[in-house]
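A short worksheet on the structure shown next.
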Amino acid sequence: MINALRGMKDITFEESKRFIYIIETASKIAQNYGYGYIETPILEETKLFKRSVGESSDIVGKEMYQFIDKGENDVCMRPEGTAGVVRAFVQAKLDRVQNQKHRFYYYGAMFRYEKPQKGRLREFHQFGCESFGESSVYEDFTIISMIGEIFKALGIKYKLKINSLGCVECMPTYKESLINFLTPIKEELCNDCQRRIDTNPIRVLDCKNPHCQELITDSPKLTFNLCSSCDSDFEKLKSLLNSANVNYEIDTNLVRGLDYYNKTAFEFVSDEIGSQSAIAGGGRYDRLVEFLDGKSTPAVGFALGIERIWELVKMPISTREGYYFGAMNQEGVEILLALAQKTRLTQKVSVEYAPKKLQAHLKNADKANAQYLLFLGEDELKEGKVWIKNLETKEETIRLMEDF
RNA sequence: GUGGACGUAGUUCAGUUGGUAGAGCACCUGUUUGUGGCACAGGUUGUCGCGGGUUCGAGCCCCGUCGUCCACCCCA
């Protein structure tokens, strides 16, 4: 027997219903916020991710499905969605027209070569949005509100964490003061953090090691070292969230794992799904378009993990639907085939090809969760009629076949 | 990449100090002629993850391997 690859899953039955429900709900809301659908390739040039996600990240450093294709191209299965959308944005030269807003939503499979566990798969699915050309913090607020609305529609409880990562103005000086703080205590930090001081000191902030967290309690805080523009934007964001009654907490140690974020960073977490608690994450990435050879364009976006939330989704109560067709003999079955084709123009119909007595059909129809059983017995066949039972109300009717 | 737990019927699981497998659910067929969900009766279902080893004999012990789950890490 051939099984699916490790960390990759087939999505069927209940799960596929949830999958579709999540996508449809999120898409509808995104459309209402002005987002249009974009589909980008799963396979991209490896350097796209190296330049966008960043070589210092674990994702690029050790988790990419990377290989050389038959044309000797260094390619990679996308580990996240933003890079591809930005590449598409630049490729379509949408960056050339300044002051234009472009908003895209997408969903699809992402790939990371990790050790699977609860909420962490090698092939997983994200729904995401990317907004280009809008530098106003109102857009940050709006996108956070939108995610809140999506989770509300899906019946998911969450906590929102926000932070500001500063910009080219304030980040370098902050980074410097952080390094100055960390260097004297370097020996006491964990091995990973010692390495991070050189590669990406900001990442020390979200180290999970309790001892490291203790050591950095009094470290300089990003939010107290913002330049005036970043500071006023962050203040504005907080006041917008306050007046919209959105609960949030400021997490000065919230550092997104991808290198391209600046200014607003946020994460939605759930405490009901195990240790992989991030259900959505995103932020502003004003420099990424430029990194990918486009003209400087402000942008903000997010992604949510479908597998992370699908056990939390409150599905609408499923009701009986459609018809189950069954007959008592072969001749009847063949008549039903023709009838089903006609009925399927407007209704969901399943036909049982095996002739059975009424009781068996009733059982089957019930199990198939059909709303109606349409039965063609010997009597009906003679009279050119069909017998229909509403399995919910138990109401029975007999109708001429041509009237049905 | 590191650590831990676990792989027995479609499924959830049991299986005593080693003696070649069992239960519930599900499924199929009935319960007198054409009325579902309930009940009852009967029935089907297994390379006991895979490969070695120990043994007269292994689901059980040993080694390896693959897989699942969980945690670390990372992140959606």
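Annotations
- Here residue A:182 fulfils each of the conditions (1) open to solvent by less than 30 Å² (accessible area, probe 1.4 Å); (2) in a helix (DSSP H, G or I); (3) under 24 Å from residue A:269 (Cα atoms); (4) hydrophobic (A, V, I, L, M, F, W, C) apart from (3).
- Given (1) of a type in the set (Val, Ile, Thr); (2) touching a Lys or Arg at 6+ places or on another chain (Cβ under 9 Å); (3) within 18 Å of residue A:264 (Cβ to Cβ), index of the condition residue A:197 fails: (3)
- Counting only strands (runs of 3 or more DSSP E) that sit completely within region A:88-170, those holding 2 or more residues that are under 23 Å from residue A:253 (Cβ atoms) and open to solvent by less than 20 Å² (accessible area, probe 1.4 Å) correspond to A:159-164.
- Filter result (among the aliphatic types (A, V, I, L, M) and near RNA strand B (Cβ under 10 Å from one of its atoms)) within region A:281-314: A:303, A:304, A:306, A:309
- Subset tally (residues that are closer than 23 Å to residue A:77 by Cα and of a type in the set (Ser, Thr, Tyr)) for region A:17-57: 6
- Complete set of residues in region A:247-262 that are touching a Lys or Arg at 6+ places or on another chain (Cβ under 9 Å), open to solvent by 20 Å² or more (accessible area, probe 1.4 Å) and within 11 Å of RNA strand B (Cβ to nearest atom): A:257, A:261
- Meeting the requirement of 1 or more residues that are among the basic types (Lys, Arg), the helices (runs of 4 or more DSSP H) wholly within region A:188-289 are A:191-199, A:228-243.
- Taking the criterion of being open to solvent by 10 Å² or more (accessible area, probe 1.4 Å), within 16 Å of RNA strand B (Cβ to nearest atom) and either assigned to a helix (DSSP H, G or I) or of a type in the set (D, E, K, R) (or both), the residues of region A:38-50 that qualify are A:48, A:50.
- Condition check for residue A:20: part of a helix (DSSP H, G or I) and open to solvent by less than 80 Å² (accessible area, probe 1.4 Å): no
The values are calculated or read from the model by the stated rules, or taken from the named source; none is laboratory data. Note that the structure is predicted; figures quoted are calculated from it, not measured. Cβ sites come from the backbone with ideal geometry, for glycine too, and all protein chains shown count toward neighbours. Quick note on the areas: whole protein, heavy atoms, side chains included, nothing else; ligands and nucleic acids left out. Shrake-Rupley method; radii C 1.70, N 1.55, O 1.52, S 1.80 Å.
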